[in-house]
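Only one structure is covered here, and it is reproduced in the block below.
The values are calculated or read from the model by the stated rules, or taken from the named source; none is laboratory data. This one's a predicted model, so the numbers in the text were calculated from it and none came from an experiment. Virtual Cβ from ideal backbone geometry, glycine too; neighbours counted across all protein chains shown. For the accessible areas, the whole protein counts, side chains as well, though only heavy atoms, and no ligand, DNA or RNA atoms are used. Shrake-Rupley method; radii C 1.70, N 1.55, O 1.52, S 1.80 Å.
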Amino acid sequence: MEEKNRDQVLREKFSKGASSYDRQRKHVIPCLEDLYRITSDLSIVNHSKPKILDLGAGTGLLTSYLYQRYPAGDFHLLDLSEAMLEVARSRLKDESSFQYMVGDYLKYDFGGLFDIIVSSLSIHHLEHSDKEFLYRKIYQHLNPGGVFLNADQVLGPYPANEAEYQRNWMEKIDVGSLSESEKGIISDRMKLDNPASLQANLKWLEEAGFKDVDVYYKYYNFVVLYGKK
């Protein structure tokens, strides 16, 4: 995908059917609950009012988990799609706690430092060089002691592993209750996937400066990655 078209294509694909995105996602990601719960569990800082940035926040599902943990937190949701953020606004009622920003997180000025930065099922769409750039940018925008968590997809280290990842994923996907239109939307979104290997992601996080880098959860091609500043 050419850089000049990346924003437009992603925005169009994820804006289409935004209102039903969460319901569709539950059918397509077999470990969805684990991804979000574990990401929230690992979002540990030493005070109760952290400043939190959700990159590719979409419908605000991950933010809703973090809000349960930090009800006094200061939340910033950034996404390419205004339609997705409209769903987030409906989900997250306390407007004083949430700020919504429409833009590309590779280019958008985050505007300060955060205690927690998270992302879910988004960064794997980027070119690999952009993943590296984004990890460095995230590190620069964390307070000392701040944490970054990425719940995302990875590529198998070898073709045989990737084949097994895909076999398991296709076996677990439950599309029985989805319409043909919804199946088409999901298929189009999956074509935009561009995951890197787990090893590459961990390497880029360490090179960006993160310490205590780890994968705390892994289910085939789905992982929760962690780094601390």
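Quick notes on this one:
- Among the residues of this structure, F114 counts as one that is among the aromatic types (F, W, Y) and touching a residue at least 40 places away in the same chain (Cβ under 8 Å).
- Taking region 137-165 as the range and being over 26 Å from G60 (Cβ atoms) and open to solvent by 20 Å² or more (accessible area, probe 1.4 Å) as the test, the residues that pass are P144, L155, P157, Y158, P159, A160, N161, E162, A163, E164, Y165.
- Verdict on K218 being basic (K, R), outside any loop (DSSP other than H, G, I, E, B), surrounded by fewer than 19 Cβ atoms within 10 Å (Cβ to Cβ) and modelled with pLDDT of 95 or more: yes
- Cβ pairs under 7 Å, 6+ apart, first in region 80-100 and more than 11 Å from G60 (Cα to Cα), second of a type in the set (S, T, Y) and surrounded by fewer than 19 Cβ atoms within 10 Å (Cβ to Cβ): S81/S15; A83/S15
- Across region 31-57, the qualifying residues are those that are assigned to a loop (DSSP other than H, G, I, E, B) and not hydrophobic (A, V, I, L, M, F, W, C), and the one among them that is surrounded by the fewest Cβ atoms within 10 Å (Cβ to Cβ) is N46.
- Within region 66-92, the set of residues being open to solvent by less than 50 Å² (accessible area, probe 1.4 Å) and farther than 15 Å from F114 by Cβ comprises D79, L80, S81, A83, M84, L85, V87, A88, L92.
- Some residue of region 98-116 being among the aliphatic types (A, V, I, L, M), touching a strand residue (DSSP E or B) at 6+ places or on another chain (Cβ under 6 Å) and surrounded by 22 or more Cβ atoms within 10 Å (Cβ to Cβ): yes
- Region 201-214 residues that are under 19 Å from L121 (Cβ atoms) and open to solvent by less than 20 Å² (accessible area, probe 1.4 Å), paired with ones that are at pLDDT 95 or above and assigned to a loop (DSSP other than H, G, I, E, B) (beta carbon under 8 Å, 6 or more apart): N201/V154
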